[in-house]
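Undergrad: So that we are looking at the same thing, I have put the structure below in structure tokens.
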Amino acid sequence: MEKNTKNNPCKTDVFAEYGKTLMVHVDTSFGQKILDLGCGNGDLSAELAGNGAKVLGIDNSAETIVKARYFHPELMFAEIDALELPYNAEFDTVFSNSVFHWIPDVDRLLSEIHRALKPGGKLVCEFGAASNIATIRQAFAAASARHGHEYRERFYCPTPDEFFDRLKRANFEPERVLEFDRLTPLPGGADGLKAWVRCFLKNDLSLFVSAKQEQILTEVETACRPLLWNGREFVVDYRRLRAVAFKS
Ligand code: BEZ
């Protein structure tokens, strides 16, 4: 099975590396029970388990779970939807990196996580903040409009204030909710931006016939180049929201 497919942002594992800095907020000591929600290939689950914590990695993609089991046969993984967690007061920590922006029903997600945590348990998460990947999103929306389709935002990327309020409404006590820039070089050099759009805006792109898709990709690349191309690679304006909150 292939790992780190260098030039394909859908397959590459480079983005998971960024999740490692989020782990400083997690107690990974022996006896701790941790749910890695949206575990991907399981690399971060393995890091979380390194000190003796008992980690379960879950993902809603069967293919991803097969991959995680292949690369980390010593760990536990399960194909489970984050909006249907079959747990009651079981985990000390729910950890989630780069997942929440894919789940528009964040209120339900928080309620599921709340139930899965032990009393006083901790949620540690990081995902896209309000202006995340703004240059690409704006370029894609403009190109879509030129080709007769209004782009509808699919990602849940809130401000810290908005997410803080949601945490409170879901009966969490936020310890920190902060946002920061994370400039992110894309793999694939000159082809990197188109590959990224093909992967992450696949559903929006598929609304167009293939000749138009190519035109849109070229227009997006042209619009982004002055802001994101550094002469060697595209560096994208990711902006993250990081939150640590306790079940109250
Ligand atoms: C991210 O912030 O990781 C992200 C957001 C939207 C699409 C792809 C990635």
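The values are calculated or read from the model by the stated rules, or taken from the named source; none is laboratory data. What you are looking at is a predicted structure, and each value in this text was computed from that prediction instead of being measured. Glycine also receives a Cβ, built like all others from the backbone with ideal geometry; neighbour counts cover every protein chain displayed. With ligands, DNA and RNA removed, areas are computed over all heavy atoms of the protein, side chains included. Shrake-Rupley method; radii C 1.70, N 1.55, O 1.52, S 1.80 Å.
Undergrad: Name the residues in region 152-173 that are in contact with a strand residue (DSSP E or B) (Cβ under 8 Å, 6 or more places away or on another chain), open to solvent by 20 Å² or more (accessible area, probe 1.4 Å), outside any helix (DSSP H, G or I) and more than 14 Å from Arg239 (Cβ to Cβ), would you?
TA: Those that are in contact with a strand residue (DSSP E or B) (Cβ under 8 Å, 6 or more places away or on another chain), open to solvent by 20 Å² or more (accessible area, probe 1.4 Å), outside any helix (DSSP H, G or I) and more than 14 Å from Arg239 (Cβ to Cβ): Asn171, Glu173.
Undergrad: Now, a different point. Would you call Arg232 touching a Gly at 6+ places or on another chain (Cβ under 8 Å), closer than 18 Å to Pro185 by Cβ, modelled with pLDDT of 95 or more and not small (Gly, Ala, Ser)?
TA: Answer is yes for this residue.
Undergrad: Given the conditions (1) in contact with a Cys (Cβ under 7 Å, 6 or more places away or on another chain); (2) within 30 Å of Arg115 (Cβ to Cβ), and given that Glu153 satisfies all but one, which numbered condition is not satisfied?
TA: Tallying (1) in contact with a Cys (Cβ under 7 Å, 6 or more places away or on another chain); (2) within 30 Å of Arg115 (Cβ to Cβ), Glu153 fails exactly one: (1).
Undergrad: While we're here: So, in region 118-152, exactly how many residues are within 12 Å of the ligand (Cβ to nearest atom), over 13 Å from the mean Cα position of the chain (by Cα) and under 21 Å from Thr218 (Cα atoms)?
TA: 4
Undergrad: Anything in region 153-187 that is of a type outside the set (Phe, Trp, Tyr) and within 14 Å of the ligand (Cβ to nearest atom)? List them, or say none.
TA: We begin by selecting, within region 153-187, every residue of a type outside the set (Phe, Trp, Tyr); these are 153-154, 157-162, 165-171, 173-179, 181-187.
If the condition is that a residue be of a type outside the set (Phe, Trp, Tyr) and within 14 Å of the ligand (Cβ to nearest atom), then Glu153, Arg154, Cys157, Pro158, Glu179, Asp181, Arg182, Leu183, Thr184, Pro185, Leu186, Pro187 are the ones that fit.
Undergrad: Please enumerate the residues belonging to region 67-117 that are over 18 Å from the mean Cα position of the chain (by Cα) and within 17 Å of Val26 (Cα to Cα).
TA: The answer is Glu90, Phe91, Asp92, His114, Ala116, Leu117.
Undergrad: Which fully enclosed strands (runs of 3 or more DSSP E) of region 34-151 have 2 or more residues being in contact with a strand residue (DSSP E or B) (Cβ under 9 Å, 6 or more places away or on another chain), open to solvent by less than 40 Å² (accessible area, probe 1.4 Å) and free of Cβ contacts under 8 Å to residues at least 24 places away in the same chain? It would help to see each step written out before you state the result.
TA: On the way: elements: 54-59, 76-79, 91-97, 117-128.
Fully inside region 34-151 and qualifying: 54-59.
Undergrad: In addition: Considering each of Gly192, Gly188 in turn, give the residue that is more than 27 Å from Val26 (Cβ to Cβ), within 21 Å of the chain's Cα centre (by Cα) and open to solvent by less than 20 Å² (accessible area, probe 1.4 Å). Step through it out loud before you land on a result.
TA: Numbers: Gly188 fails: open to solvent by less than 20 Å² (accessible area, probe 1.4 Å).
Result: Gly192 is the single residue among Gly192, Gly188 that is more than 27 Å from Val26 (Cβ to Cβ), within 21 Å of the chain's Cα centre (by Cα) and open to solvent by less than 20 Å² (accessible area, probe 1.4 Å).
Undergrad: Which helices (runs of 4 or more DSSP H) does region 187-248 wholly contain that include 3 or more residues that are under 30 Å from Glu112 (Cβ atoms) and in contact (Cβ under 8 Å) with a residue 12 or more places away in the chain? So that I can check it myself, show each step before the final result.
TA: Working: elements: 192-200, 202-205, 210-228.
Fully inside region 187-248 and qualifying: 192-200.
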